[in-house]
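The values are calculated or read from the model by the stated rules, or taken from the named source; none is laboratory data. Here the structure is a predicted model, which is why all the values come from computation and not from measurement. Cβ placement follows ideal geometry from the backbone for every residue including glycine, while neighbour counts extend to all protein chains displayed. Side chains included, ligands, DNA and RNA excluded: accessible areas come from the protein's heavy atoms. Shrake-Rupley method; radii C 1.70, N 1.55, O 1.52, S 1.80 Å.
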Amino acid sequence: MNEKVGLDLKYKNTLDYARYLDENDSLKHFRDKFYIPMVNGKESIYFTGNSLGLQPKTTQDYVLNELEDWANFGVEGHFHARHPWVSYHELFPELLSEIVGAMPEELVAMNQLTVNLHLLMTSFYRPTKERYKIICEAKAFPSDQYAFQSQVKLHGFTPEAAIIEVAPREGSQVIDNNDILAAIKKHSNETALVLFGGVNYYNGQVFDMQAICRAAHEAGAYCGFDLAHAAGNIELELHDWNVDFACWCSYKYLNSGPGGVAGAFIHQRHIADKTIPRLAGWWGHDKENRFKMEKEFVPIPTAEGWQLSNAPVLSMAAHKASLDIFKEAGMRNLIKKGKELSGYLLYILKDINSLFSEKIIEVITPNEENQRGCQVSMLMHKDGRKIFDSLIQQGVIADWREPNVIRVAPVPLYNRFEDIYLFGEIIRNTLQVSK
Ligand SMILES: *Cc1c(COP(=O)(O)O)cnc(C)c1O
């Protein structure tokens, strides 16, 4: 047992123990609400809910209802559908508020993530000759990098001068929070916007959003977050943290289908501020007078005022099917189970490492519970590709990133502790070591 020093003794690397955890999981019945993809005739171990969440079994009915109403009512469905389309988007703020920690009037479901990022940067990235910098994480998701670069250029600056990336220190895989705060301080007089992911897509690191936001405000800058990997995964208190704006997609942890409608948050103190510029469209216009088709744009005094187009009802129906499940499960319960799943996975990986004299798997996701959600990223020092291939062959759906990182996300709505145990066994068998 000596080599197991340092392992969390509350866990065991056995099938019985994993099943015991599943038995005692108060959310276990939620798995039955989802279609689990089959591989080679049996249920896969689906660990890519961080990339495309699974389909709830109720989604088809929600979408079919809208198709039926369209067939039955035609244009009258805007007012006579079971959920009238003219106000369909109004179903979402309430459902999203628990997930992102915001007041309903601060929330709107609209567009796609990168579109929302651009719309919100139009409002909150307003550089001047003195203040024009954006501080962000190094290796942000490519779409975000392109958005930052194009915004900066649109305002006549160069990305080299205007984009400040905070990177991990030499030899580290995660960004030190102190380095983020120090960078904000260092560039405080020139910074217009601080914009981070809530969770880094690559290593699964959760950023200290509250501290980052406070530092940004002290520097006189706005602060926004891309919550693509955070919404539906970790605790968010956007209102209380004083975040200026945020946006996210709904097809990752929020299980709303490929290209599903995205979300946006604008803090209460900004929603009715008419001095904030925005790109406007008719769906953001005062509802009472929208159909008068008048010339002057009068924004709705809530986050809805940032809408451009009428609601994409079919994709919103899928969104609603999933968010109704989130409501039933409770975000707090999901967060708790998500951390337990990733905690158990970290334990299993440490146990595998303990069978070797050198480190085989380097976890690049922080170990601390408040710095990770469901996702665990593994830098493979030995047989990475071989292990990944045998995972795929044996029905695990995971994600490979060059040069040798495997990303997995056991998610609380439909993954089991047993999935994690079996995942560990496939790795151990591929490395041909016994326990
Ligand atoms: C998934 C993801 C995107 C994808 O953007 P879309 O506009 O939805 O295609 C953008 N940014 C981040 C951080 C992501 O994780």
key: Rounded accessible area per residue of the chain, 1.4 Å, Å²   = 44
message = With both bridge residues required to lie in segment 62-328, what share of the DSSP beta bridges run antiparallel, to the nearest 5%?
response = 40
message = What do you get for trypsin sites (Lys or Arg not before Pro) in segment 269-310 restricted to DSSP loop and a cutoff of at most 15 other Cβ within 10 Å of the site's Cβ?
response = Lys274, Lys295
ask   = Got a number for carbon plus sulfur as a percent of the chain's accessible area, 1.4 Å probe?
value = 51
task = Can you list which of the trypsin sites (Lys or Arg not before Pro) found in segment 146-248 are DSSP loop residues with at most 11 other C-beta atoms within 10 Å?
result = Arg169
request  = For Val396, tell me the accessible area in Å² from a 1.4 Å probe, rounded to the nearest 10.
outcome  = 0
task = Would you kindly enumerate the cysteines in the chain that have no other Cys beta-carbon under 4.7 Å from their beta-carbon?
result = Cys136, Cys247, Cys249, Cys374
task = Give the longest segment of the chain that steers clear of GluC sites (Glu not before Pro) in DSSP loops with at most 11 neighbouring Cβ atoms within 10 Å, not counting the sites themselves.
result = 1-129
ask   = Going through segment 271-366, which chymotrypsin sites (Phe, Trp or Tyr not before Pro) have at most 14 other Cβ atoms within 10 Å and a DSSP loop state?
value = Phe297, Phe356
key: For segment 345-355, 3J(HN,Hα) per residue [Karplus equation, 6.51 cos²θ - 1.76 cosθ + 1.60, θ = phi - 60°, Hz, x = Gly/Pro]   = 4, 4, 4, 4, 5, 5, 5, 5, 4, 5, 7
message = Under 10 Å, Cα contacts only: if you run a Gaussian network model on the chain, which one of Pro299, Pro277, Pro258 comes out with the highest mean-square fluctuation?
response = Pro277
